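The block underneath contains the structure these notes are about, expressed in structure tokens.
We did not get these values from a lab; they are worked out from the coordinates using the rules stated. Because the structure is predicted, anything quoted here is derived from the model rather than measured. Note that we place each Cβ from the backbone using ideal geometry, even for glycine, and neighbour counts take in every protein chain shown.
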Amino acid sequence: MQQNFLDPRILASISGLDLVAKTVVQGFVNGLHRSPDFGFSQEFAEYRMYSPGDDLRHVDWNVFARTERAYLKRYRGETNTKVTVLLDLSRSMSYGAKPNKLDYSRYLVSSLVYLAVQQRDAAGLILFDDEVRQFIPPSSRVGHLRKLLHAIESASPGAHTNFAKPFTQFLEFIRQRGLVIVVSDFYADPETVINTIAPLRWKKNEVVLFHILDRQELEPRLATPSTMIDLESGEAVEVTPEYLRTDYRLRIEQHIEDLRSRAQGAGMDYFLLPTDKPLDAGLREYLAARKGRM
């Protein structure tokens, strides 16, 4: 039931990204059998017995399963990780049925910054296409989440993608290492993409790539020959059903695998997220990867 509730098509009917983000994150937490540690850099200190009124999210359910006693994990200090999310606004992101790639990315990005702020981490945002369109520095101040969500909701598709200029600018913004999340359809040469993003890793940032594609881009279906228009270049291309079933499928699979292997080889996390995949599954993969790397 929860899986259906988090279906992207249902999320598209919810008014306001604040409510979407809250719905996704709360649904994700409620759907887990145990409570994960959402903080990005807390140092574990000790256990203490559960007392009525304590936040159940901090109960160690693995210990409870073994002892039938509820213990809470306590940590030294608060997290102060800087979480910066980069959202691709290139014109190709407007492709797809409801929700299109940009809409789906809005849900994902909103959920990520909501989750970060809930955990008292400093969340920031960069909107880009061929250059940085908007930069909101990471902060954990009261009211900052509203500012982030407003920027995400107001963003509109721009020009074509050019990773070089935005990421060169971003490197100039960085003053402290943290977690960098890039959300894009990555319609660019994989080698160029990874070589452009790799300097973030040299500065000891953790980098996560969320690759957003419409199901039709992964498994296109066409009954008759048609003309397809490139959303960024405007170029028209004649394609046949046979081409989509054979050559195109092979090329998109090779592109995905090339991007994945290069990202992982550079020490980045990579996730392919089709726009029909429930958001809780995307968050679960992301958090599982973080837990494995800490």
Original post:
Nearest 20 debye, what's the magnitude of the dipole of segment 82-293 about its Cα centre given +1 on Lys and Arg Cβ and -1 on Asp and Glu Cβ?
Top reply: 1340 debye
Original post:
DSSP loop GluC sites (Glu not before Pro) in segment 107-191 with at most 14 other Cβ atoms within 10 Å of their Cβ, which ones?
Top reply: 131
**OP:** Averaged over every viewing direction, what's the projected area of the C-alpha convex hull for segment 87-167? Give it in nm², one decimal, please.
**Re:** 5.0 nm²
Original post:
How many lysine pairs in segment 82-293, separated by 8 or more positions in sequence or lying on different chains, have Cα atoms less than 29 Å apart?
Top reply: 23
Original post:
Tally Lys and Arg at +1 and Asp and Glu at -1 over the other residues with C-beta under 13 Å from the C-beta of residue 132: what net charge comes out?
Top reply: -3
Original post:
Mind listing which trypsin sites (Lys or Arg not before Pro) in segment 89-166 are in a DSSP loop and have 10 or fewer other Cβ atoms within 10 Å?
Top reply: 141
**OP:** Return the ratio Rg/(2.2 N^0.38 Å) for segment 82-293, where Rg is computed over Cα atoms only.
**Re:** 1.02
